[in-house]
Amino acid sequence: METEMHSAKTIGGYIPLELSKGESYYPDLIALNTGRNALEYVLRTRKYSSIYLPYYTCEVLLEPLKKLNVQYHFYHIDEDLDPVIDFEIGERCCLLYTNYFGLKTETVKRLTKKIKNLIIDNAQAFFCKPINDCDTFYSCRKFFGVPDGAYLNISSTLGLNLKQDQSIDRFSHLIKSIDINIEEGYTDYIENNKQLCNNEIKRMSALTETILASIDYDKYAETRRKNFVYLNEHLGRENILRLNFSGEDVPMVYPLLIENPSAKQQLIDQKIFVATYWPNVYEWAHVDSYEYFLAKHLVSLPIDHRYNLADMKVIVNALKSLI
């Protein structure tokens, strides 16, 4: 009697974490461990020697530039968050543009027709599909409860045999957010951010892949749109920032730009947590620059899938005395 041997898959044992088995949102893109490593992948593939970055962006993007000795220069954005390109982009030089808050897709489309060596940072625009032949990267943590993860759209690859990352030691803040509360997990969240620094390029972890394949993307996107529209209906008149929101956009936050620089802290005091994009801008940009004004005055109101219109009403009521 022959006994069939099973060596590739373990059968039996305890029941693992239960997650629904679905599809990832970007099955055809390269799944990596972090957005900054996705940028490094592009720089290594294209062999760029210099790059233009917006003053108004996250400092973690400097990490791969310093690692690869890529020279970097800053450029300004205007009041529509469009790039002010008053410089020449050489053959081995590139320009990185951020799709701010997931609301600048039309600018992205326009830039792809004008600029050859273009990199699009879609960290704030997860649902914005990449444009053919335009190097584009995404960060999953900005939109979903995952410890890491990034996607990259690029027409050629490095041909590296990448190791797969492991996220088990970067998961505690997510567990605490469920089992205790989000505030108790915040210290772990900050520690997780530190652990993501200076990592080598790896494939996305199995844990992150599994979580991302369990998400109802259509539902999450629609919730963001509804919450954004509600806030815009009630706050749009007070918003200094000119917003060009289309039905296709899936914003990351509602970016409310107001004169009151203390509004952010006053909201935080009411347990409405808003991030600053980005504190490093205070060091990079001149105090009189538009970028400095954005970093100081822009209030990034949460609109994600955890919240409904009743929550948006709470935010609006909290802001009534501040604007």
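Surrounded by 17 or more Cβ atoms within 10 Å (Cβ to Cβ), polar (S, T, N, Q), at pLDDT 90 or above and outside the structural domain of Y100 (by TED's automatic domain parsing): is that true of N227 in this structure? So that I can check it myself, show each step before the final result.
Details: surrounded by 17 or more Cβ atoms within 10 Å (Cβ to Cβ): yes; polar (S, T, N, Q): yes; at pLDDT 90 or above: yes; outside the structural domain of Y100 (by TED's automatic domain parsing): yes.
It is true that N227 is surrounded by 17 or more Cβ atoms within 10 Å (Cβ to Cβ), polar (S, T, N, Q), at pLDDT 90 or above and outside the structural domain of Y100 (by TED's automatic domain parsing).
Only one residue in A213, A221 is in contact (Cβ under 8 Å) with a residue 60 or more places away in the chain and farther than 30 Å from L158 by Cα, so which one is that?
Working: A213 fails: farther than 30 Å from L158 by Cα.
Residue meeting the stated conditions: A221.
Can you tell me which residue within segment 55-85, out of those that are part of a loop (DSSP other than H, G, I, E, B) and among the polar types (S, T, N, Q), is farthest from L95 (Cα to Cα)? Give the steps one after another, and end with the answer.
Our first condition is that a residue be part of a loop (DSSP other than H, G, I, E, B); within segment 55-85, this holds for 55-58, 69-70, 76, 78-82, 84-85.
If we keep only those that are among the polar types (S, T, N, Q) as well, we get 57, 69.
Values: T57: 13, N69: 16 Å.
Among those that are part of a loop (DSSP other than H, G, I, E, B) and among the polar types (S, T, N, Q), it is N69.
Of the residues that sit in segment 287-319 and are within 23 Å of the chain's Cα centre (by Cα) and of a type in the set (G, A, S), which one is surrounded by the most Cβ atoms within 10 Å (Cβ to Cβ)?
A295
Pick from segment 151-184 the residues that are in a loop (DSSP other than H, G, I, E, B) and aliphatic (A, V, I, L, M): which of them is nearest to N33 (Cα to Cα)?
Checked segment 151-184; the qualifying residue nearest to N33 (Cα to Cα) is L162.
Kindly provide the set of residues from segment 6-27 that are modelled with pLDDT of 95 or more and surrounded by fewer than 16 Cβ atoms within 10 Å (Cβ to Cβ), ordered by number.
P27
Mind checking which residues of segment 105-150 are in contact (Cβ under 8 Å) with a residue 40 or more places away in the chain, over 11 Å from the mean Cα position of the chain (by Cα), surrounded by 21 or more Cβ atoms within 10 Å (Cβ to Cβ) and outside any loop (DSSP other than H, G, I, E, B)?
Within segment 105-150, T105, I119, D135 meet the criteria.
Checking the conditions here, which among I272, I240 is of a type in the set (V, I, T), in a loop (DSSP other than H, G, I, E, B), over 29 Å from Y26 (Cα atoms) and in contact with a Leu (Cβ under 7 Å, 6 or more places away or on another chain)?
I240
The values are calculated or read from the model by the stated rules, or taken from the named source; none is laboratory data. Because the structure is predicted, anything quoted here is derived from the model rather than measured. All Cβ positions, even for glycine, are placed from backbone atoms using ideal geometry, and neighbour counts span all protein chains on display.
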